[in-house]
1. Report, as an integer, the average count of C-beta atoms from other chains found within 10 Å of each Cβ along D:405-415.
2. Which translational diffusion coefficient, to the nearest whole µm²/s, is obtained for the range E:14-131 from the Stokes-Einstein equation, given a Kirkwood hydrodynamic radius over C-alpha pairs, 25 °C and 0.890 mPa s?
3. Under a Cβ-only charge scheme (Lys and Arg +1, Asp and Glu -1), can you give me the dipole magnitude of the protein assembly as shown about the Cα centre, in debye to the nearest 20?
4. Taking all protein chains together and a probe of 1.4 Å, list D:M411, E:M301 from the most accessible to the least accessible.
5. What per residue convex hull volume, in Å³, comes out for the range D:131-183 when only alpha-carbon positions are used?
6. What is the helix-to-structure angle for F:342-372, meaning the angle in degrees between its Cα long axis and the longest Cα principal axis of chain F, kept from 0 to 90 and rounded to the nearest 10?
7. Nearest beta-carbon of E to the rotation axis carrying it onto F: which residue, how many whole Å?
8. Sort shortest first the distances from E:F372 to its counterpart in every other copy, using label points 7 Å along the Cα-to-beta-carbon line, and give them in nm.
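The values are calculated or read from the model by the stated rules, or taken from the named source; none is laboratory data. Here the structure is a predicted model, which is why all the values come from computation and not from measurement. Backbone-built Cβ (ideal geometry, glycine too); neighbour counts: all protein chains shown. Accessible surface areas use protein heavy atoms only, side chains included; no ligands, DNA or RNA. Shrake-Rupley method; radii C 1.70, N 1.55, O 1.52, S 1.80 Å.
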Amino acid sequence: MNEQLMSQAVDLMVAGMGFVFVFLIILVFATLLMSKLVLRFSPEEPATPTRTPRAKSSASPSVDPDTAEAIKKAIAQYRSRHKK
Amino acid sequence: MNEQLMSQAVDLMVAGMGFVFVFLIILVFATLLMSKLVLRFSPEEPATPTRTPRAKSSASPSVDPDTAEAIKKAIAQYRSRHKK
Amino acid sequence: MNEQLMSQAVDLMVAGMGFVFVFLIILVFATLLMSKLVLRFSPEEPATPTRTPRAKSSASPSVDPDTAEAIKKAIAQYRSRHKK
Amino acid sequence: MTLWTGSGLFNIELGQVVMIAVGLLLLFLAIRKGFEPLLLVPIGFGGILANIPEAGLALSAAENAIHFAKPQVLAALAGALDVAYQAGQAVTPEVKEAFKMAYNDAGYSAVSAANSIAQDNGYGNGMLYNFYTVVIGSTIGPLLIFMGVGAMTDFGPLLANPKTLLLGAAAQFGIFGTVIGAALLDWLGILEFTILEAAAIGIIGGADGPTSIYVSSVLAPHLIGAIAVSAYAYMALVPMIQPPIMKALTSKKERAIKMEQLRPVSKKEKIVFPLVVLIAVVLFLPDAAPLLGMFCFGNLMRECGVVERLSDTAQNALINIVTIFLGLSVGSKLVADKFLDGQTLGILGLGIVAFGVGTACGVLMAKLMNKFTKEPINPLIGSAGVSAVPMAARVSNKVGLEANPQNFLLMHAMGPNVAGVIGSAVAAGVMIKLLG
Amino acid sequence: MTLWTGSGLFNIELGQVVMIAVGLLLLFLAIRKGFEPLLLVPIGFGGILANIPEAGLALSAAENAIHFAKPQVLAALAGALDVAYQAGQAVTPEVKEAFKMAYNDAGYSAVSAANSIAQDNGYGNGMLYNFYTVVIGSTIGPLLIFMGVGAMTDFGPLLANPKTLLLGAAAQFGIFGTVIGAALLDWLGILEFTILEAAAIGIIGGADGPTSIYVSSVLAPHLIGAIAVSAYAYMALVPMIQPPIMKALTSKKERAIKMEQLRPVSKKEKIVFPLVVLIAVVLFLPDAAPLLGMFCFGNLMRECGVVERLSDTAQNALINIVTIFLGLSVGSKLVADKFLDGQTLGILGLGIVAFGVGTACGVLMAKLMNKFTKEPINPLIGSAGVSAVPMAARVSNKVGLEANPQNFLLMHAMGPNVAGVIGSAVAAGVMIKLLG
Amino acid sequence: MTLWTGSGLFNIELGQVVMIAVGLLLLFLAIRKGFEPLLLVPIGFGGILANIPEAGLALSAAENAIHFAKPQVLAALAGALDVAYQAGQAVTPEVKEAFKMAYNDAGYSAVSAANSIAQDNGYGNGMLYNFYTVVIGSTIGPLLIFMGVGAMTDFGPLLANPKTLLLGAAAQFGIFGTVIGAALLDWLGILEFTILEAAAIGIIGGADGPTSIYVSSVLAPHLIGAIAVSAYAYMALVPMIQPPIMKALTSKKERAIKMEQLRPVSKKEKIVFPLVVLIAVVLFLPDAAPLLGMFCFGNLMRECGVVERLSDTAQNALINIVTIFLGLSVGSKLVADKFLDGQTLGILGLGIVAFGVGTACGVLMAKLMNKFTKEPINPLIGSAGVSAVPMAARVSNKVGLEANPQNFLLMHAMGPNVAGVIGSAVAAGVMIKLLG
Ligand code: NA
Ligand code: NA
Ligand code: NA
């Protein structure tokens, strides 16, 4: 049994949780400030909605899902045949 | 000329081939036993035929080969154009 | 200030540019010779035109661009949906 | 005869049999039960490899030399390791034990010297030992995984609602509460821990694999096997551990709270955010720089839109390669004399406490915030603050749907979920600063 | 002037000219004739790079220092390498030779010390030397290739008919028969070999690239160039070497034997099989653990179905990266003084014997088994037991079709084919156990 | 308290603030302005990481130990580094400075010893220091990038018109002219340079990233940050730097010259060409062997058609992985005391001179050749000889189109463009031969 362990653990918790909260609270304000600045200095940029996480790679949705499904199968079939 | 080399080589062959056979015979029986146990304890699982080595990735065969071929060409063409 | 630096720099330029020219002139003649030899000993090979840098991967151009475009979109759409 | 006396069957020890069974169990959990298979398959397999008798795959050259214990080699090692042993002296188990302990306690130079001598005498480092040294000993492995995770993380939901960072902070009580728990076990005389070991065990509460491996490799490398296994196993169990706690701490009405739709976030905000985090690290916690630096780097590559090639590689080829080696390396620490120990049971027990405390604190913090904010906050998203991305956010969503079938919390829970990653990395930095 | 006296034309030796021609020949065989190009293109190119005069790409820092032989550097090296040389003494070819021999015979510590001194004096390791040290010296390269091969191997046909493992055993006579052949050449006074060299040469009969490189890197690193070239060249020649032997040992009627269709194999069997092999290794042959362990690990990743990402990477990005460096590293051993030697001719001659003996023993074993089993066994599938996956199985199929156009042996031959890989790895383990 | 006294805000120095701003500027240029983002994003980010106060990510273990300057550790280091310091002596800034200088001047063995001692005392190498050592210190990083570039290069246009190699030669005046420029600055007393530094700065004129990094890592590693940043920045600025010079040196009529269509080039010529280059290197310039050898190897893999797997990996996964680490490693040299220096300004100034001189000489050489050849040569393709592939060739094309809308010079300019890569590598080899 280590005499000091409990006090060390408590110290660590106080310092640790204190710092985690301080750091993340600072980050909250820094983020709010950053967003405000960004939006002020470039208001014209078309915003991407939060819902589509990989908006970059999503193509236009003009291909209907059935076609996409058919192509998906064809690609899988092609791969399974031609893969070495 | 190394006096002992031939006897060392013969010893190595006897020990080596002996061990290879012992090991692989054990493996034959272990495999047979394993297959029996696996099939007993999970008889319901739909078995995959040996002929299709990459059954996992093969999609449903409902797309006819001509379509697949056309798509294959289109993909290749697309790649050759858009690859940096 | 380094007394010798300028003379070292001039020496380096003379040796360097001299060697670069000698090496690349040799390479011009070696390349011309190589091309001549290659073409003499295998005149029948169908030459690939210089214009298509990645001839290997380009498929037959029988798929019309519109189809290719549609497929391209479908692939992008498929990827954006199914990528983990 | 050499073949028989050198065979596994002739030499195997009980501990190795048990550890091989543990390895098979991990493979079973990973393959059949779907417990974080990307890590637990390599860890389990590495654990089996590490326990193959006589093969010494997880041992250094010097450890292999000590295992085979030829008198003249031991005599050569005695000088480097400062063990009292003369050439010709009988090699008793006690002598071997003395060499092992001397090696474990030796500093960097003495270890180098001993390995050099062993290599002079024809012994080599085991394959897994080499993997461990390169991938974990250098800390590069967990950092590259973290870079890849950064390249896969979308901070959009967090940016739309930065307050949720506080939920990621509250859930870190799981980490420090577990440290207290370890101290309590020590105080009760049940198990013995040092503060370094207690801190490394606590990090399991961060619910984040690479952070756990990174911290334990710095603070308590001998526990890395048990800590990593515990962390990944409980991350897989999040859908079972969290819901009862979440339901116990909330009323049905609270669980049914609908949150407002998140505002769209611009691409520019997403690009600048990792730099904001980085600057905060620069200013306030340099010791979190390796972890959060690589994380932000990965995220910047993802969002900046001009280095797609690098971002793709960081998310695929590179992270996969590192995962294979990282898993095998962690597995190399699943050797009997380090794993079959009361401490491991303690670690497994404390690990589940860590997840529970983190979940509870996240939920309670969310309830508290709900009291003080205009727009409503569903307390269920608090539990996602433990990280375990994206499992914990899905759990929030599922429990929310049970209370109100129109209540889609997934996106709202992603905010605290990624905040939890940052929170654990900050906690890791504090621990390394204060103890490392 | 330095440019001219330091140029290749001024310094080139005959041996280097010959070795560059050998490198170009390997490239020709690989590119025009399709001889295992994935390995022989990097090996051939590496061979040319290794023989660039004065560049020292395949030499260590100390070897480079000895090559340039500045008196004060040699004086500094003399202590570390225990050579009698005083500062100021004339640098004769004999002195340089003495330093080279001392370096080659030096142990691990002396080599480290000599390289340290050379680096203090501004010499560096050549690029290919670094590749060799990291990729082959550590044995990691062949093991990762083997992991990738495991991830590409389908054990289905073997599981459907486990008896074919015996064909993979019989074909290993090629390995040990070649050891006897090498001993015979030594006994006849034609060439000189040690038992280590004989064993390393024998492994060519395993018809398996990474196994050959692994074994020769452990038992006889100075022969690795000739052995790897021989192994890959004859693997490419399998369609020419095997058919005459197969036809000579079988009647047309035997070759026309139709085998019963293989039973379907369940996914679960495929998952458990690599673990069965691993447990057998644990129990009986720990020395095969690195090779078979990585092979089984790759196969488990393939079959378990929950780590597709890792399996794909092991089969593609990772194996390709390793192949590039492994090939260049093997090529670094194609230097004149190590390759232009009677032993290389002996190795090339013995290599073809190895393939022939392995093929013959496989066929004979299949004939024997056909006598004792209910269901018919076509002896042609025996030749596939040498491994050389999948070439040897295709040869069995082709020769079978010649005898009977309805006789599709490909799947039946895949069983012994992959069994041959296991068999050679076991043989490798035995050799390393008894001699390593 | 430790948290505050160890925080960045408490410890940050002005130089670090400035360098972090420089890192952010590089990120801005890369992301918003599209300046060679594949390299400048990792370099900029690495630069920020390297300047995090107290984190020591870019420092070796010994440098970290000196930074924290515990008396007993310094006493242990004093022996290895040959500094006059006794245990107990006060640690003044002068003492720390003395240790730093001793470390920077120490040879390979002394550095090893010092790092060993620091590791014994619990200090470790920073993450970026490790990256730098493995990726650049060993020279492997730039060489692998060069292999990948080789695998992406099509020599077809060059083979159709080998004379354009001379344009690639002429443009190397940019390199050596810059060396003269550096000597001039030194002679004028404005800045001080050694010949090694002058040569390393000159290589910026090669307009080739990996060559610049390779040469400066060999000749002047302390300048690598400024040189790499300068090289990549000016490569990105090629569309702005070149056109005025091209227009000033040519008449509208010359710019409108139409060139004959290039002959088709056979696959075989493309396969043999890298081997021809390699043989020329073997015979004439062994010191260019690492760079041009890897370049030709990459190109052979591309063209030979039988190792598509390896070629694809060299062009994608491998080059991307190396790029990430290479960028971070270069960034690690963007530390205040090495970068914030008059020399850096000199390097930035000389770099643009280098590009200008190279462009001008290429154009003038093309005008000269146009006088002596039957078929017309548009002088605009001369500027592409600086390399900066494919940017410079596109610039030639664009300026050509301005003068004559029917004049497509892109393919004609690709010849000198890739010739410029060979030319700079040759120049690099000459410099290393004469100075290295
Ligand atoms: Na967390
Ligand atoms: Na075999
Ligand atoms: Na250039």
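1. Values: counts 0, 0, 0, 0, 0, 1, 3, 0, 0, 2, 1.
Rounded to a whole number, the mean comes out at 1.
2. Details: Rh = 15.5 Å.
So the translational diffusion coefficient is about 158 µm²/s.
3. Result for the protein assembly as shown is approximately 6500 debye, rounded to the nearest 20.
4. On the way: D:M411 35, E:M301 0 Å².
From most accessible down to least: D:M411, E:M301.
5. On the way: hull volume 5.4 nm³, N = 53.
About 102 Å³ per residue, rounded to a whole number.
6. The angle comes out at about 20 degrees.
7. Here the nearest residue and distance are E:A317, 2.
8. 8.1, 8.1
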